1. Just checking: which of the strands (runs of 3 or more DSSP E) contained wholly in region 73-119 hold 1 or more residues that are loosely packed, with under 13 Cβ neighbours inside 10 Å?
2. Filtering region 120-139 down to residues that are open to solvent by 70 Å² or more (accessible area, probe 1.4 Å) and within 24 Å of residue 22 (Cβ to Cβ), which residue is farthest from the chain's Cα centre (by Cα)?
3. Please report, ordered by residue number, the strands (runs of 3 or more DSSP E) entirely within region 1-67 with at least 2 residues that are open to solvent by 60 Å² or more (accessible area, probe 1.4 Å), under 30 Å from residue 120 (Cα atoms) and touching a residue at least 24 places away in the same chain (Cβ under 8 Å).
Amino acid sequence: MIDIGRKAPAFTLKDQTVKTITASNTLEYTDAGATCNDYVDGVLSHAVEVSGEVVNMRRPGTYKIRYDCVDLSGKEANPEFCEVKVVDRTCPTVKLNGAAVNYVEAGFPYTDAGATATDDLDGDITAHITTSGDTVNTQ
C-alpha cells in the first residue's frame, strides 16, 4: 500500500520559467506567482514563499526568483525558479542644436551649437555626448 501522505507538494508556475520584459522607468514588475498543491492538503497557494532578487524595471539585467512551499505536515516541495530578463530595447535620442549643415566664411570663427540627448530610462544624458570627426579649419 502506498502512503500518499508522504508525497511532497508540487508547484505550478503561473507564468514562464524564463521571460523577457522591456525596461521601464514608469512601470513596476508584478510577478504572476505560483500555485502549490498537495495530495492531502489540497491547494496551498497561501503557503507559497517567494524569494530571490527584486526585479528592478529601471535596470536591465537578469533576475532570479525562487518559489518554496511546505505542506501542513512539514514536507517541502522542490523549489521552482523563474528567470526575468529586463532589456532596454530603445536607443537614446540625439537632437542637434542649430542646423545640420553650416556654412562658415573663411577667417570667421565657428562655434558648434552642440546637441542634446535623452534616454527613456536615464532621462537627460546630454552630459555624456561625445563628438568626433573632422575639425573646422576657418583659415
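1. In region 73-119, 80-87, 93-96 are the strands (runs of 3 or more DSSP E) which contain 1 or more residues that are loosely packed, with under 13 Cβ neighbours inside 10 Å.
2. Within region 120-139, the match that is farthest from the chain's Cα centre (by Cα) is 128.
3. Because the criterion is at least 2 residues that are open to solvent by 60 Å² or more (accessible area, probe 1.4 Å), under 30 Å from residue 120 (Cα atoms) and touching a residue at least 24 places away in the same chain (Cβ under 8 Å), the strands (runs of 3 or more DSSP E) in region 1-67 that meet it are 18-22.
The values are calculated or read from the model by the stated rules, or taken from the named source; none is laboratory data. Not measured: the values here are computed from a predicted model. Because the Cβ atoms are built from the backbone with ideal geometry, glycine has one as well, and the counts that use them run over all protein chains shown. When the accessible area is computed, the model is the full protein with side chains, heavy atoms only, and any ligands, DNA or RNA have been set aside. Shrake-Rupley method; radii C 1.70, N 1.55, O 1.52, S 1.80 Å.
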